[in-house]
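Below is one structure, written out as structure tokens; the observations come after it.
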Amino acid sequence: MKKKDVLLKVYNRLYKTFGPQHWWPGETPFEVIVGAILTQNTNWGNVEKAIANLKAEGLLSPEGLRGVNHNYLAMLIKPSGYFNIKAGRLKHFIEYLYKRHGGSLKKMFSLDMKILRHELLEVKGIGPETADSILLYAGGYPMFVIDAYTVRIFQRIGLLSEDVTYHEVQDTFMDSLSHDSKMFNEFHALIVRLGKEFCRPRPRCEGCPLKGEICGYQ
DNA sequence: GACCAGGCACATC
DNA sequence: GATGTGCATGGT
């Protein structure tokens, strides 16, 4: 079967099983960006606590994060882990946003997708997955987000080799699927849903909707 | 108590 | 260019 057909088959199966996921779980584009940075290698539940702290302090805005000092910010986001590192990463993004776009997300998101992606990757602390999450879920651009679940799931299915790189995986998806941000949004969210429930490093294949015809793992 | 979570930068070979 | 390590909390 062609890669494209496997991908569509997986998507359809997941959508039928789980339904729409209503991602990203954040109310504003800025909240999505903050969440994308805070959730790096971290459980989303911990990120929610950190974001709640920022909201309670009235600091969940470009101006808010710009004005707060590093140590206080680190304290507020402590539940999300790596709090010193991540406080710096939030500050780096804010600095970029003001220097390059005068603090305006609207201006930032008026850029061409490829140009903005390149700029985001220049910001220290924003790597490929974070940049793509920002593009897709905060900016609405048709960019497919690759994460650890995506790689693990499609390796187990047998569609990806063990040593693929981020961009090889991304190309596999983006060369096969039409560039539809709504579909990319849903597909990635469904992948995470499946990953959380069934496709951890220690697999729990019992009841997995892909088990059998699509995935013969275990 | 070990394992894991919606990564990334940096050092070292 | 590949491989290893630090960053850190909280849930299972």
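The values are calculated or read from the model by the stated rules, or taken from the named source; none is laboratory data. The model shown is predicted, which means the values in this text are computed figures rather than measured ones. With ideal geometry, Cβ positions are generated from the backbone for all residues, glycine too; neighbour counts draw on all protein chains shown.
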- Look through the stretch A:87-127, keep the residues that are hydroxyl-bearing (Ser, Thr, Tyr) and either assigned to a helix (DSSP H, G or I) or in contact with a strand residue (DSSP E or B) (Cβ under 8 Å, 6 or more places away or on another chain) (or both), and return whichever of them is surrounded by the fewest Cβ atoms within 10 Å (Cβ to Cβ). A:Tyr98
- Please enumerate the residues belonging to the stretch A:73-132 that are more than 16 Å from DNA strand B (Cβ to nearest atom) and among the hydroxyl-bearing types (Ser, Thr, Tyr). A:Tyr98, A:Ser104, A:Ser110
- Query: If you go through the stretch A:38-51, how many residues are near DNA strand B (Cβ under 8 Å from one of its atoms), assigned to a helix (DSSP H, G or I) and more than 17 Å from A:His188 (Cβ to Cβ)?
  - Reply: 2
- Message: Checking the structure you have, find out if any residue of the stretch A:24-39 is within 14 Å of DNA strand C (Cβ to nearest atom), touching a Gly at 6+ places or on another chain (Cβ under 9 Å) and within 30 Å of A:His179 (Cα to Cα).
- Response: yes
- Task: Return yes or no: is A:Ser161 in the same structural domain as A:Asp175 (by TED's automatic domain parsing) and either over 30 Å from A:Arg200 (Cβ atoms) or part of a loop (DSSP other than H, G, I, E, B) (or both)?
- Result: yes
- Restricted to the stretch A:57-72 and to residues being in a helix (DSSP H, G or I) and over 14 Å from A:Gly35 (Cα atoms), the residue farthest from DNA strand C (Cβ to nearest atom) is A:Glu63
- Within the stretch A:91-127, work out how many residues are more than 25 Å from A:Gln170 (Cβ to Cβ) and within 16 Å of DNA strand C (Cβ to nearest atom). 1
- Message: Please verify whether A:Leu76 is of a type outside the set (S, T, N, Q) and either within 16 Å of DNA strand C (Cβ to nearest atom) or not assigned by TED's automatic domain parsing to the domain that holds A:Leu120 (or both), treating the condition exactly as stated.
- Response: yes
- Message: I'd like the residue in the stretch A:166-199 that is in a loop (DSSP other than H, G, I, E, B) and either in contact with a helix residue (DSSP H, G or I) (Cβ under 8 Å, 6 or more places away or on another chain) or touching a residue at least 40 places away in the same chain (Cβ under 8 Å) (or both) and, out of all such residues, is surrounded by the fewest Cβ atoms within 10 Å (Cβ to Cβ).
- Response: A:Leu177
- Item | The lone exception for A:Glu27 - which of (1) over 30 Å from A:Cys215 (Cβ atoms); (2) within 16 Å of DNA strand B (Cβ to nearest atom); (3) assigned to a helix (DSSP H, G or I); (4) of a type outside the set (S, T, N, Q) it fails | (3)
